[in-house]
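**Student:** Have a look at this one before I ask anything.
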Amino acid sequence: MRRRLPEWFVLLLPAFVVVAAVVLIPLLFSLYSSFTPYKLTRPSTLWTWIGERNYERILTDWKFWAAFGRTVLFLTIALNLELLFGLGIALMVNKVTRGQRTLRTVLMFPMMFSPILVGFQFKFIFNDNVGLVNNVLQSLGSDAALPWLVDGNLAMFSILFAEIWMSTSVFAILILAGLFAMPRDPLEAAKVDGCTPWQSFRHITLPFLMPFIYIAMTIRSLDVARAYDIVQIMTGGGPARRTELLWTLMSRTGYVDAKMGLANAMGYVSILLSIAFTIFFFRKLSAARAELGMGG
Amino acid sequence: MDRNKTHRNRRRVLKGLHFFGLFLVMSIICIPGLWIILNSFRPTVEIMAKPPVWRPSFTLEHYRAMFGGAGQGGVPVFSYLWNSIVISVTSTLIAVLIGMSGGYAFARYRFKGKSGYFVGLMLFRAVPGVALSLPLFIVFAKVGIIDTHFGLILVYVAMNVPFTIWLTDGFFRQIPKELHEAAEIDGCTRWQAFWKVEFPVARSGVASAAIFAFLTSWNEFALASQLTRSVDSKTMPVGLLDFTAEFTINWGGMCALAVLMILPALILTFIVQKHLIAGLTFGGVKG
């Protein structure tokens, strides 16, 4: 008699198959090719094994480390500011009594924008010649056209602005949902006991919101690489590599310079980075859940 | 008396600050999008004008050029729109079906290494699109499915399945086991019990998962830009690039296409926004 597969396995099988086919196999292939000098223009190079030389090369390359450091810095600043702004916005919207639903709808607006559209939109708005920002500044009497996307620091600021504009609403909406779900009694008890608003926020509201914050962080950490679309469109990593992130460096190495082996080696570093972020927040999330007794 | 007065003044100041803060935030959120919409109706001369023109005039020139077809310097918008619709809708449907069965398995069955499988699946979602696009490009070229609908659909299904599993898992867990057990006692098969009892209860979770899957596929760029080549499969995010030339960008035309791109997403999200929030929080917190 044929042994029947367990039901859970049958149910999960399609998911495993499609993920394996589209993600796992290409990743294994890229792992292999990261040990070869593979170039798109010369397919035969795929069969030359050079060991870990690609990794050696990127790990000793300051351009790579600059991009890596910038990526980590960029993510740290962006995620922290998004959390802070999201928390602030959620608290403000929560206080509103009339028209709250409209405000919440408006909050969801940036979530529907494609990252590449956000990139174009802010490339337009920060354009030094015809952009909204410079137009306003000039109409207000400033003479100089600020080179938003041409100066290194200003370009980094513009990209951060675009990134934060796009992603803050995820935090705001999830934290707002947390505020709605919050029981009223502890807050009132704290008020009776004479807690200041800050104390009750710090010791009652915030701990309750933590799981919601970690969900938002986890969801965000799954697609931090969306920033690639924005940077690629707004500056392409320029001026003079001042906004080069890991992802733009990788795509340039792979597609423009056609050095697939080297680019795949970089790809692995970026994958590890994303996975590290995800695992970190996943663990925080389950810890926060367990603390509130929501585990299971 | 005096204390009352200062107290009231402070309340008033706080209220003013609150209102001002909200106003500021909402303007920052709205203005970029409104600016795009506004500029899609302004003639190019006016967009480029120096000093800036603040009183907008109205024209449909960009929309006319866009829908005019490739012959008149326009972009084959209809092909892009069609590709986007076919690819997003198909991949969403498939991803929801596969993800739902996976989420059900995680929510209802006990097996060894369950959380390991779960986190493993999520990690595949975390692989950056750019990093994945390099090997996928080579593999797809070998198999011969570059620049086809099928290729992109396959990619988006794989991208969306893990997140769909996460969301639906949380929803199915909310439903008490007794519900389907009762249905089975009444003579339903497990399959019938699922569709007649559990699925209707979890519907809003499935709806939110579908919206997220749809938005992801509709908006994706990093993979689509490498795996598509021509009007046969280019989606709208890739089509946006058609408005950029070496040194100039046709801002008005781009804004018009942007409006076309954002409209379906906007409408869809407004219809189901209640499910959207419920989906995210339920799936995540209680799951």
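**Student:** With charges only on Cβ, +1 for K and R and -1 for D and E, what is the dipole size of the range A:173-296 about its Cα centre, in debye, rounded to 20?
**Tutor:** Here the size comes out at about 260 debye.
**Student:** Sticking to Cα atoms, compute the Rg of the range A:152-296 to one decimal and its Dmax as the biggest Cα-Cα distance, whole number, in Å.
**Tutor:** 20.5, 68
**Student:** Within 10 Å of each Cβ in A:26-36, how many Cβ atoms from other chains are there, averaged over the peptide?
**Tutor:** The mean count of partner-chain Cβ atoms within 10 Å per residue comes to 4.
**Student:** Would you mind giving the three semi-axes, in whole Å and largest first, of the ellipsoid equivalent to the range B:76-286 according to its Cα gyration tensor?
**Tutor:** Output for the range B:76-286: semi-axes of 36, 19, 14 Å.
**Student:** Suppose we look only past 28 Å in the calculated P(r) of chain A. What percent of the Cα-Cα pairs does that tail hold?
**Tutor:** Pairs farther apart than 28 Å: 54 percent.
**Student:** Amide H to amide H, which residues 5 or more places from A:Leu149 or on other chains are under 5 Å from it, using H placed in the peptide plane?
**Tutor:** For A:Leu149, the qualifying residues are A:Asp128.
**Student:** So which DSSP H runs in chain B come out at 18 Å plus along the axis (Cα) with average Kyte-Doolittle of at least -0.5?
**Tutor:** Both cut-offs are met by B:2-40, B:77-108, B:114-126, B:129-143, B:149-174, B:203-219, B:251-271.
**Student:** Place +1 on the Cβ of every Lys and Arg and -1 on the Cβ of every Asp and Glu in the range B:2-65, take the dipole about the Cα centre, and give the residue among B:Gly16, B:Ile28, B:Ile47 whose Cα lies farthest towards its positive end.
**Tutor:** Result: B:Gly16, furthest along the dipole toward the positive end.
**Student:** In percent, what relative contact order does chain B have, based on Cα pairs under 8 Å that are 6 or more apart in sequence?
**Tutor:** 28
**Student:** Additional query: What percent of all Cα-Cα pairs in the range B:2-65 falls in each 5 Å bin, counting up from 0?
**Tutor:** 3, 15, 14, 13, 11, 9, 8, 7, 7, 6, 4, 3, 1, 0
**Student:** Related question: Restricting everything to alpha-carbon atoms, can you work out Rg to Rh for the range B:75-153 with a Kirkwood hydrodynamic radius?
**Tutor:** 1.08
**Student:** Once you keep just the Cα pairs under 8 angstrom separated by 6 or more residues, what percentage relative contact order results for chain A?
**Tutor:** Rounded, it is 26 percent for chain A.
**Student:** Would you tell me the mean number of C-beta atoms belonging to other protein chains that fall within 10 Å of each C-beta in A:258-266, as a whole number?
**Tutor:** 2
**Student:** Based on alpha-carbon atoms only, what is the radius of gyration of the protein assembly as shown relative to the globular estimate 2.2 N^0.38 Å?
**Tutor:** The value comes to 1.02.
**Student:** Another question, then. Please report, largest first and rounded to whole Å, the three semi-axes of the ellipsoid equivalent to the range A:147-217, where each semi-axis is the square root of five times an eigenvalue of the C-alpha gyration tensor.
**Tutor:** Value: 37, 14, 8 Å, ordered largest first.
**Student:** Using θ = phi - 60° and the Karplus form 6.51 cos²θ - 1.76 cosθ + 1.60, what ³J(HN,Hα) does each residue of the range A:93-103 get, whole Hz, x for Gly and Pro?
**Tutor:** Going residue by residue, I get 5, 4, 7, 5, 9, 10, x, 5, 5, 4, 4 Hz, with x marking Gly and Pro.
**Student:** Over all alpha-carbon pairs of the range B:1-121, lay out the pair-distance distribution in 10 Å bins, whole %, shortest bin first.
**Tutor:** 10, 16, 16, 17, 19, 16, 6, 0
**Student:** A follow-up question, please. Just rank A:Ser200, A:Ser167, B:Ser57, fewest to most, by other beta-carbon atoms within 10 angstrom.
**Tutor:** Ranking A:Ser200, A:Ser167, B:Ser57 by Cβ neighbours within 10 Å, fewest first, gives B:Ser57, A:Ser200, A:Ser167.
**Student:** Over the Cα atoms, compute the radius of gyration (one decimal) and Dmax (the largest Cα-Cα distance, rounded to a whole number) for the range A:136-188, in Å.
**Tutor:** 19.5, 57
**Student:** Let me ask something else about it. Mind checking Rg over Rh on the range B:177-226, alpha carbons, Kirkwood formula for Rh?
**Tutor:** Rg/Rh: 1.32.
**Student:** Taking the Cβ of each residue in A:Lys284, A:Lys63 as the centre, tally the other Cβ atoms inside 10 Å and list the residues starting with the fewest.
**Tutor:** Ranked by crowding around the Cβ, least crowded first: A:Lys63, A:Lys284.
**Student:** For peptide B:100-113, compute the average count of partner chain beta-carbon atoms within 10 Å of each residue's beta-carbon.
**Tutor:** Mean shielding count: 4.
Computed from the coordinates by the stated procedures, all read-outs in this text should not be read as laboratory data. The shown structure was predicted, so the numbers you read here are calculated from the model rather than taken from an experiment. Quick reminder, even Gly has a Cβ in these numbers, built from the backbone with ideal geometry, and neighbours come from all protein chains shown.
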